[in-house]
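Working notes, beginning with the structure itself.
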Amino acid sequence: MTNLLLAGCLALILVLVIAVFALPLLIDPNNYKTDIAALIRDKTGRDVAFEGNITVTVFPWIGLRTEKIVVSNKPGFQELPFISVSKSDIKVKLLPLLAQKIEVNTIALDGLTLNLVKDKQGLSNWDDLIASSRPSPSAAPTNRDSQNISPGSALAALTVGDITIQNAQINWNNQQTGKQLELKNIRFTANKFVFGEPIKIDMAMAVSGKELKFPGSIKLVTELRVDEKLDHFDLRDSQLDWISAKKPVAGQPLAAIINTPNADINVAQQTLKLSNLQLQSGDIKLAAEINGEHIMDKPSIQGSAVIAPFNPNVAMKQWELALPTMGDAKALTNLGLNLHFQATADQVEFTSLDVALDNSRGKGAVTIKGFTQPAVLFDLAVDTIDVDRYLPPTKSSKPIASPGMAFAAGTFSVPLDWLRKLDAEGKLALGQLVFNRMTLQDVHLTLSSKKGVVKIGQTAKQFYQGAYSGNLNVDARAEKSVLSLNEKLTNIHLEPLLKAAKGEAKMGGILTASTQLYGQGNNTHELQSNLTGKANFFLKDGFIKGFNLEKMLENSKNLAKGGALSTTQHDQTAFSKISGTVIINKGLLQNNDLIANTEKLRSTGKGNVHLDTGLVDYIITTKLLKAAATATTPEQVHDTPIVIHLGGTLSQPTYTLDMGALLTDKNKAKIDRFLDKNKDKVDKLIDKLDKKLGPGVGDLLKKIF
């Protein structure tokens, strides 16, 4: 019985072997192209054309070799085929199949072309394939079926030999955005693939496309290990190289290299780990450690990154990024960064920030919530920064602005649409800040910006030996933005402030002032033209250069009495105090209550200044002090006033005397007699007065006399 059974088995095997060898001789697969195409069309809805012979081999492997195959596109996308393959060769070993093992000896594809398209309505040419691959509810396996099918065991029985893809191309055309991407000359090779064992992968391609700024070539080399459940991927010694196809800008091709010795992705445990990730492009070198948790359902990525110091000025030129015109050619030449980060699906947080930019060093934390409409939270501290180095160079004739107005100008230099979208809140501490040529120390700034309403608070504990505080509010929600500014300067030493801001100081003293300003406009010029508000000022121990008020008064009185004029040059007037109130109305500064006192003079003033043009029109009325005040009597001054007119501009003021106020009938007669006897001397003297007392004095005297 046993012998009979054994003989039967041998006979069956012999029949199978004979059938295997005879099958390719008896059946020509090319006769079934139409049936194969019909079956594929039934399953996918796509037409398939076999433009060459199909060759089948059986032993020691089952092999299928084809020439050109073309798979049609979805209706509406028929301009190009969906897939075409010039040649294919797939071989599966026969004998392992008898042991329910699949050993693919070779997978080789030559000339693969895949055309992916998304139309203007957002439909893609692969949507139908995805839909048709989903099982219907009625096709769901029964419990019995599911017990008999073990995907893990089936995959574990799969072995793939060499995989070779060459001369492949993938074309991506997004008709909604107009963007196109071409992956050409794709080459992919992999050695024997067995689950749980390393497989070496080598891939290269050329990347180009419409609106792609940096076309180039990509090469990837890695060693991949995958388990049979397809839920654990381990990549070792991975390196990705990219080289730009563009002509080198700075002598060397633009390139980038990313490598990591270990990248571990565990889908079952939902973890990710990238160890010692390195990125290098030119002088830019980045090192990072990245770990991820819950990567499938609620991803959380954390890690650290270090960017070694490099020259961003050079890097930006290499990457063809536009460099702004800056006040200092050596600005933006050194940048280094060290940080920790934690990211989720809806926010990223940077902590332990340590940034070195040129001569500045900053530390702190930044959080970005939401990525479509991000909200930024920050808490930063910077030792020192000169903002003027990074701003466009300004002319020396630029009008003097307070810190608050300088911050307002900076705010309105930002595009209005961007300002309306800005969602930010935080604080910034600076040991020293140089801005608009002013130096502020121990500075604290707070920012709150949401839905077009921006609020900035500023304090400087050290501001030219005094202190500064201010609040700037901007409401950009309406068509015309609204600005309000309140600020206070306390015991500011004015001379060094003006020298820093203007390069020279024509006045000085210790200034205490406060301002409340309001304006409408979408840029600094519109704001300046519509500015309204009020300012109070008090200057003690002050001085004004360019004229000596006491000497001018003395010479004027001597001239009125027929006496000699002093030609000694005195170009400064010292004041014990100057105080007043300024009313601002649509860019016009009006003052009617100036009080300016010197040791011998008591002065009042009124007039205006145009912010737009800088034109000055101001009158100072001065009287000599007769007797100082005592405990029982007020001070006494002479009745006869001296009137001085200030004109010109803020940057180039002029001073002229109104001599008419001194002329009484008695004094006029004395002057007439004096002029008759000394006409030649007076003409020469008048010419000197223009130089000694200020331009216009000579012409004024000629008109009077």
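Between Ile62 and Val92, Lys93, Leu94, the built amide H atoms are under 5 Å apart, and every one of these is 5 or more places off in sequence or on another chain. Taken one residue at a time, the phi angles of segment 302-313 give Karplus couplings (6.51, -1.76, 1.60, θ = phi - 60°) of 9, x, 9, 8, 10, 10, 5, x, 8, 9, x, 4 Hz. Gly and Pro are set to x.
Can you give the FRET efficiency to the nearest 0.05 for Thr532 and Gln636, using r as the Cβ-Cβ distance and R₀ = 41 Å? Computed FRET efficiency for Thr532 and Gln636 comes out at 0.55. Relative protection proxy for 223-229, 460-466, from highest mean packing down: 460-466, 223-229 (other beta-carbon atoms within 10 angstrom).
Any idea what diffusion coefficient segment 397-550 gets from Stokes-Einstein, in µm²/s, Kirkwood Rh on alpha carbon pairs, 25 °C, 0.890 mPa s? Estimated diffusion coefficient is 149 µm²/s. Normalise the Debye intensity by I(0) for segment 208-358, one equal point scatterer per Cα, no solvent, then take log10 at q = 0.09, 0.10, 0.20 Å⁻¹ and round to two decimals. Computed log10 I(q)/I(0) values: -0.39, -0.49, -1.29. Taking θ as phi - 60° and the Karplus parameters 6.51, -1.76 and 1.60, the scalar couplings of segment 434-445 work out to 10, 8, 6, 6, 9, 10, 10, 10, 6, 9, 10, 10 Hz in sequence order, x denoting glycine and proline. If you plug the beta carbon distance of Asp571 and Glu425 into 1/(1 + (r/R0)^6) with R0 = 56 Å, you get a FRET efficiency near 0.60. Distances between placed amide hydrogens fall under 5 Å for Thr598 paired with Ser576, Ser603, all partners being 5 or more residues away or on another chain. In order along segment 626-642, the phi-based Karplus estimate (6.51 cos²θ - 1.76 cosθ + 1.60, θ = phi - 60°) of 3J(HN,Hα) comes to 7, 9, 6, 5, 10, 5, 10, 10, x, 5, 10, 10, 5, 6, 6, x, 10 Hz; Gly and Pro are listed as x.
Taking amide H as placed 1.01 Å from N in the peptide plane, Met507 has its amide H under 5 Å from the amide H of Lys545, each at least 5 places away in sequence or on another chain.
Relative to the Cα centre, the charge distribution of segment 398-505, modelled as +1 at Lys and Arg Cβ and -1 at Asp and Glu Cβ, gives a dipole magnitude of about 140 debye. Would you mind checking segment 370-390 for residues with the amide N under 15 Å from a putative spin-label position 7 Å along Cα→C-beta of Lys363? The answer is 379-384, whose backbone nitrogens lie closer than 15 Å to the label point.
First measure r as the distance between the Cβ atoms of Glu211 and Ser124, then evaluate 1/(1 + (r/R0)^6) with R0 = 22 Å and state the FRET efficiency to the nearest 0.05. Between Glu211 and Ser124 the formula returns 0.65. Charges were assigned to the Cβ only: +1 to each Lys and Arg, -1 to each Asp and Glu. The resulting dipole of segment 224-320 about its Cα centre is roughly 460 debye.
Read-outs throughout are calculated quantities, based only on the coordinates presented, and are distinct from any laboratory measurement. From a predicted model like this one, the values you see are computed outputs, not experimental measurements. We place every Cβ from the backbone using ideal geometry, glycine too, and count neighbours over all the protein chains shown.
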